[in-house]
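As structure tokens, the structure follows; a few thoughts come after it.
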Amino acid sequence: MARSYLMCPPTYFRVDYEINDWMHQNDPVDIAKARVQWESVRDIYLKLGHSVLFIEPHEAVPDLIFTANAGLILDGKVLLSNFKYEERQPETAINREWFENHSYSKVKVTENVWEGEGDCLVANGWIFAGYGFRSDKASHTEVAKFFDREVISLKLVDPRFYHLDTCFCPLDARTIMYFPSAFDDASRKKIKDSGLMLIEAEESEAAAFGLNAVSDGHNVIMSSQAPALAGDLRKRGYNPIMVDISEFKKSGGGVKCITLELRT
Ligand code: ARG
């Protein structure tokens, strides 16, 4: 089924500040390379028949490129992020304007700190929600109420995996791939008890942003630095499509981070 995604061109993409363990101001982004990597992700979506919409970049907010953090769009409703760090807070007004101009009527910003699809992913009708580094646990109640869905709260414990989408990825309604050590014991148990099919990534490939992937249920667009995981997916009937994400990784991101799903 064709999907619709929101992306933001990397025109002003930089590492200007350090708000996660991956960001180092002395390790600058190669902007030409970032542009090529971003375009290759966009072109893969288009070639697969998905539609891609764009939000205009703003020089003052280099992380706007990570559209997954804009919010969560489900059942035609838009819940917008309330960013933890001051550097990203101006993104909310920009995102709100985009959704209001694209005829979404139910648009709301969370009261608690919450970072959208960075920390909330949908599988089997449930919303899996991360906390521990960015989103506040209290935001999960708001998410459940706004969408009238069951939310499964998962605690993140490894700073390399500071957003849920760095260590957990729904592949289809019945299957997820994840890195177990990124979660505390109770959360690992919740994932196991969900009854979903689970695919585990090895540490080096999770740390290469192999799990920061986008699946349309069959095609999985993911980091080229996770060959074992890709092989595993291929064996199970998925079609992994690998891309170089070296420049996004310098900011703590990968394929999923630069992609927001617009669900109707
Ligand atoms: N530099 C950004 C930040 O730290 C990266 C965001 C990555 N996005 C994501 N969905 N995990 O906020």
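The values are calculated or read from the model by the stated rules, or taken from the named source; none is laboratory data. Values in this document were obtained by computation on a predicted structure and should not be read as measured data. All Cβ positions, glycine included, derive from the backbone under ideal geometry; neighbour counts span all protein chains shown. These area figures cover heavy atoms from the full protein model, side chains too; ligands, DNA and RNA do not enter into them. Shrake-Rupley method; radii C 1.70, N 1.55, O 1.52, S 1.80 Å.
Summary of computed values
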quantity	calculated
Residue-count net charge about Lys108 - beta-carbon cut-off 11 Å; Lys, Arg +1, Asp, Glu -1	+2
Dipole magnitude of segment 127-203 about its Cα centre (Cβ charges: Lys, Arg +1; Asp, Glu -1), debye to nearest 20	180
For the chain, calculated [θ]222 nm from helices alone, where every DSSP H run of n ≥ 4 adds -39500 (n - 2.57)	-6500 deg cm²/dmol
Dipole moment magnitude, nearest 20 debye, the chain about Cα centre, only Lys, Arg, Asp, Glu C-beta charged	760
Distance in nm between pseudo-label sites at Arg174 and Thr141 (7 Å out along the Cβ direction from Cα)	3.6
Antiparallel content of DSSP bridges confined to the chain, in %, to 5	45
Per residue accessible area in Å² of segment 110-203, where ligands, DNA and RNA are left out and the probe is 1.4 Å	38
Ser105-Ser40 pseudo-label distance in nm [points 7 Å out on the Cα-to-Cβ vector]	4.3
Reachable lysines, given that their alpha-carbon falls under 19 Å from the alpha-carbon of Lys106 and they are not under 8 places away in the same chain	Lys77, Lys145
Mean Cβ count within 10 Å, highest first, over the residues of peptides 105-116, 67-78	67-78, 105-116
Spin-label model distance (nm) - Tyr85 vs Lys192, 7 Å beyond Cα toward Cβ	3.4
Carbon/sulfur fraction of accessible area - the chain, other protein chains in place, 1.4 Å, %	49
Rounded if a/c under 1.5, otherwise prolate or oblate - the chain, Cα gyration tensor axes	rounded
Unit charges at the beta carbon, dipole of the chain: most positive-side option, Asn26, Leu198, Val157	Leu198
Asp184-Asn124 FRET efficiency (beta carbon distance; Förster radius 22 Å; 0.05 resolution)	0.50
For peptides 142-148, 130-136, sequence by mean Cβ density within 10 Å, most packed first	130-136, 142-148
